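Read through the structure below, which is laid out as structure tokens, and then see the notes.
The values are calculated or read from the model by the stated rules, or taken from the named source; none is laboratory data. Note that the structure is predicted; figures quoted are calculated from it, not measured. Quick reminder, even Gly has a Cβ in these numbers, built from the backbone with ideal geometry, and neighbours come from all protein chains shown.
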Amino acid sequence: MRKKHKSGRAILVLEAPWELDSSDSNRSSVLPFVEGVAKLSGDTEVYHANFYDKSSYQKALDCLCKSKFENTIVYVAAHGSTDKIGNLRLLDALIKIGIKSRDYNITGVMLGSCFVGENNTTMEVCIEDTNIKWCAGYTSSSYWLIGTMIDCAIISEMSQFDIKDFDRQTIINSLGYAISGFSISSEIGTDYENNAVRLDKSLQFVIQPSGRGQRARTVSNEIFEHSGSLQIQK
């Protein structure tokens, strides 16, 4: 039997149906964008599964976690509200990924969902003592196309990491660089009262660097400070 080629990196996409309009019969998907990221990076596999509730989320995650790669990122893409992503609690979604993280070398989680980023304490607690080095999400709504492009920029940058690279400043600099192509003052979405929200007031980052004694902490301000320093100032 011919030996199968094994790539070094993987992006696992867990996606719930979007139904962006009345005729969107599972038409809209982040998958083509993620596949573009993988082709750009090279040596990257993309695995995708849909979920609809807590039970199907677990089955989808089990289905995607079959092989261990040098660096695996999980992208959860679904509608979000308060503490829910899709039809399950953010806490449950992150705990299940954390359990898988060491066996399958999951280093990062991108939450492509509205509002769940306001639960940054939950993000900190759930990645603590796991193999997950970073997690990101939005505190406001997120315009679908712009949000997907930002998500993919982050995934593209962080999928290139080697395990030895996950020290605190390198993670901050890399995440800042990933979003530097987007204006930090641009409108990413709205709050619950339909007020416009800037990107740097919405996107939240929690990191847990490698090394003994390192704790999961929110470092959004530092990341946006670095991102802003990379943008041309008039």
Using the structure shown, decide if Thr170 is surrounded by fewer than 21 Cβ atoms within 10 Å (Cβ to Cβ), of a type in the set (S, T, N, Q), in contact with a Gly (Cβ under 8 Å, 6 or more places away or on another chain) and within 24 Å of Val37 (Cα to Cα). no
In segment 156-213, what residues are among the hydroxyl-bearing types (Ser, Thr, Tyr) and either within 18 Å of Ser113 (Cα to Cα) or touching a helix residue (DSSP H, G or I) at 6+ places or on another chain (Cβ under 9 Å) (or both)? Ser156, Ser159, Ser174, Tyr177, Ser180, Ser183, Ser185, Ser186, Thr190, Tyr192, Ser202, Ser210
Residues of segment 83-130 being assigned to a helix (DSSP H, G or I), out of contact with any Cys (no Cβ under 8 Å at 6 or more places or on another chain) and not hydrophobic (A, V, I, L, M, F, W, C), in sequence order, are Asp92, Lys96, Ser101, Gly117, Glu118, Asn120, Thr121, Thr122, Glu124
Picking from Tyr75, Tyr57, which residue would you name as being among the aromatic types (Phe, Trp, Tyr), at pLDDT 95 or above and more than 17 Å from Leu203 (Cβ to Cβ)? Tyr57
Have a look at Lys68, Lys100 and point out the one that is in contact with a Phe, Trp or Tyr (Cβ under 6 Å, 6 or more places away or on another chain), touching a residue at least 12 places away in the same chain (Cβ under 8 Å) and more than 19 Å from Val197 (Cβ to Cβ). Lys68
Within segment 160-177, is even one residue under 11 Å from the mean Cα position of the chain (by Cα) and polar (S, T, N, Q)? no
Does Asp151 satisfy being modelled with pLDDT of 95 or more and either crowded, with 20+ Cβ neighbours inside 10 Å or more than 16 Å from the chain's Cα centre (by Cα) (or both)? yes
Scan of segment 50-67 for residues that are under 14 Å from His79 (Cβ atoms) and either touching a helix residue (DSSP H, G or I) at 6+ places or on another chain (Cβ under 7 Å) or loosely packed, with under 14 Cβ neighbours inside 10 Å (or both), ordered by number: Asn50, Phe51, Asp53, Tyr57
